[in-house]
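Below is one structure, written out as structure tokens; the observations come after it.
The values are calculated or read from the model by the stated rules, or taken from the named source; none is laboratory data. Just so it is clear, the structure is predicted and the values come from calculations on it, not from any experiment. Cβ coordinates were reconstructed from backbone atoms using ideal geometry, including for glycine residues, and neighbour counts include every protein chain displayed. Side chains included, ligands, DNA and RNA excluded: accessible areas come from the protein's heavy atoms. Shrake-Rupley method; radii C 1.70, N 1.55, O 1.52, S 1.80 Å.
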Amino acid sequence: MKANDVDFRHPLFSANVDNWNLVDNICDSKNLRAHLIPLNPDDDSSENVTRNNQFARRAVFAAIAGYTSRGLVGKAFTVAPKATVPDGMDYVNTNIDGMGVSINQQAQEATTEVTRLGRAGLLVDFPKTEGELSRAALAGGDIFSTITLYKAKQVINWQTTRVGAQVILSKVVLAYQRGETTPDGFGSADIDTRLELSITGGVYTMTHWQKNSDDEWVAGEPVIPSAANGKTLSRIPFFFIGSNANTQQVDFAPMFDLAKMNIGHYNNSAIYEDSVFTVGQAQPWMSGLNQESLELMTDNNMYIGSGRLIGVPSGEKLGFAQATENPIAREAMLDKVSMMVGLGAMLIQPGGAVKTATQVTSENQAQHSVLSLITANVSEAYTDALKMAAEFMGENPDDIIYEISDDFIDPNADANMLREVVATFMAGAMPVSDFLRWQQRHGFVDGEKTLEEFNEETSGSGMVNLDA
């Protein structure tokens, strides 16, 4: 590590970035050639290079991991998230980051990132101002706190320190590209930038770094953000989002296993398509062929197809050789499709994820699927980030909440199932709370309806005495 090496990568970042690149490549269907095992890799002849180019071009990539990733996020946002913010922060519904992105759009992108790579982060910021701001200045709409999403590969370094019994972030380094207009005013260039967030002397400080003409990282003037009341912060307003827990630790990438299986399917496809091309067409053959018979066929313009009759020497035969399909490569492809379907299904099955001891205790040991745990973590991170934004804005953070649905069961109950459940409930074998939740999960009752409202409606219908 060099002095002032702001581009230093945390060991956990370095240990995971290759897996992240693999998942992104497969989910985005890019750089696929890098994941295709070449034929005769030690043969650098022009013939083998041509053969490998044809081998890669014939391969068919089925974007199963990508479709699964997008489908999971779509399922999570089938029901619009609940967002409760003060009136002074209504702007987050249309412009949470200062670039016109709504909180739901950004949360979908965050969920996509965590579903794929198991990691993301939110940075809360406030424009640099002098002194305390009036309510009128904040109400004007030009000065407001923003929340920016940073993806896993942008959070390159982080450090923590212990203060009493609490472990807090003491440094975070974010990598991004800042767009600049070229001198002629028409073009644009992306400038590599590093944003250092640190606690300096107990005060939160931001520093931007860029390279100079000698390719050395140079720090800009440090900025000390302050809230609307003019006070500085004593902690870094950055919130990690994980697939398991919202800590600085790097969680597993949920889509990694499926992406690896997708790569295996892609390689099987290359082998299968290559065999189809090589031996897929019928091959005519003739026994007893000699120079005299070849000349006879040529002189009489005899050839395969178009109703022409081909004569063969006396006692000889003409036939067609047809290879059977490559069953090994095809079976391998079909097996991997089944395994990928199973891996995708496991991401939404309850019991597929484990929460921390604190979470289990506070949530009555609720079973979570991988996807429901991710949406719970994203919801928690946005709630915390919104509360920090409220502190910047001088708003009351107490009632702020952002909640993405974690109920992914599709309505699939038929009349017989409904009849059996109602009978079980009427016999007293099912509590009213479970009966309500079952109906909500299968779309029979409004998902927002409370137990008290349900009790009031059904007890007045004469259907059953729910207080019994």
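For this structure, a couple of remarks:
- In the range 175-194, residue modelled with the highest pLDDT [restricted to those that are surrounded by fewer than 11 Cβ atoms within 10 Å (Cβ to Cβ) and of a type in the set (Val, Ile, Thr)]: Thr181
- On the stretch given as the range 175-195, residues that are over 24 Å from Leu386 (Cα atoms) and part of a strand (DSSP E or B) total 12.
- Scanning the range 50-99 for residues that are within 22 Å of the chain's Cα centre (by Cα) and charged (D, E, K, R), we see that the one that is farthest from Asp384 (Cα to Cα) is Arg70.
- Evaluation of Asp97 against (1) under 30 Å from Pro397 (Cα atoms); (2) in a helix (DSSP H, G or I) (one fails), failing number: (2)
- Residues that are in a loop (DSSP other than H, G, I, E, B) and crowded, with 17+ Cβ neighbours inside 10 Å within the range 196-227 comprise Pro225, Ala227, listed in sequence order.
- For the range 148-174, the set of residues classified as among the polar types (S, T, N, Q), part of a strand (DSSP E or B) and either under 30 Å from Gln105 (Cα atoms) or at pLDDT 95 or above (or both) consists of Thr148, Asn157, Gln159, Ser170, listed by residue number.
- Cβ-Cβ under 6 Å pairs, at least 6 apart or on other chains, the range 11-35 side of a type outside the set (Asp, Glu), far side open to solvent by 60 Å² or more (accessible area, probe 1.4 Å) and not in a helix (DSSP H, G or I): Asn25/Asn31
- Condition broken by Gly264, with the remaining ones in (1) closer than 30 Å to Thr383 by Cα; (2) in a helix (DSSP H, G or I) satisfied: (1)
- Residue pairs meeting the criteria (Cβ under 7 Å; at least 6 apart or on separate chains; first part of a helix (DSSP H, G or I), in the range 63-86; second surrounded by fewer than 16 Cβ atoms within 10 Å (Cβ to Cβ) and at pLDDT 85 or above): Gly66/Asp28; Gly66/Ser29
- Any hit, the range 325-340, residues being exposed (fewer than 14 other Cβ atoms within 10 Å of the Cβ), outside any loop (DSSP other than H, G, I, E, B), among the small types (Gly, Ala, Ser) and at pLDDT below 65: no
- Across the range 108-139, the number of residues qualifying as open to solvent by 30 Å² or more (accessible area, probe 1.4 Å), touching a helix residue (DSSP H, G or I) at 6+ places or on another chain (Cβ under 8 Å) and modelled with pLDDT of 95 or more comes to 2.
- Of all residues in the range 100-107, none are open to solvent by 30 Å² or more (accessible area, probe 1.4 Å) and at pLDDT below 90.
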